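Heads up: the structure comes next, in structure tokens.
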Amino acid sequence: MRPVPVLVLALSAAALALTSGATAATATPGSRVHVITAKSGLTIYRPDLAPPGSRAHVFGLTSKAFGTSTAVLVTGLLPNRQYGAHAHTKPCGATGDLAGPHYQNVEDPVKPSVDPAYANPRNEIWLDLTTDATGRGAAVSKVDWTFTDRRAGSIVIHETHTHTDPGHAGTAGARLACVTVGF
């Protein structure tokens, strides 16, 4: 088994333990842990690159004690292909644009955000992945911050891995599919 799915399973086990009343060993006394889970068929925008029937499983833990960890496991995508994936500000909609821009902890005052000072994996949740021969892929993101009254609403799967160069930072091509997540 590849290492990333092991992390996905570890996060889901931690989520199960936390929701059943167990205490996380890494949490400090009095810290509040928020568990994020979603399992769903994807809302498909580009069936040529994200076939109907594709699914996503999202797991996450967020706490002031350790920040936010998010994992995604996808199935049914095209085999042996790179995809970008990011947390977006709104839930999925009839079109990919309705999911809004990437969620940023510190918002870029310029829209669209392509400045690497804002569009980067420390300020956003990036979950770029590469599928295996069966169309499965997984990724994990760890950031030092937690959500406040502003929360992300979805994970959007994009056409390519995420660019990091100035003027293109944070871009990853077309929006192919989406899963609504209750961050």
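No lab work stands behind these numbers, since they all come straight from the coordinates. Note that the coordinates shown come from a computational prediction; the quantities given were computed from them, not determined experimentally. Reconstructed Cβ throughout: ideal geometry from the backbone, glycine too, with neighbour counts over all protein chains shown.
Counting other Cβ atoms within 10 Å, which trypsin sites (Lys or Arg not before Pro) in segment 32-76 have at most 11 and lie in a DSSP loop?
32
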Query raised in the report: On alpha-carbon atoms, Rg over Rh for segment 69-183 using Kirkwood Rh?
Result: 0.94
Report summary line: Total charge of the residues flanking residue 143 in space, meaning their Cβ is under 12 Å from its Cβ, with Lys and Arg +1 and Asp and Glu -1, is 0
Requested in this report: Post the alpha-carbon centroid distance, segment 43-97 to segment 165-180, in whole angstrom.
Outcome: 12 Å
Report task. Sequence neighbours fewer than 8 away in the same chain don't count; with that in mind, list the lysines whose C-alpha is under 23 Å from residue 39. Result -> 90, 142
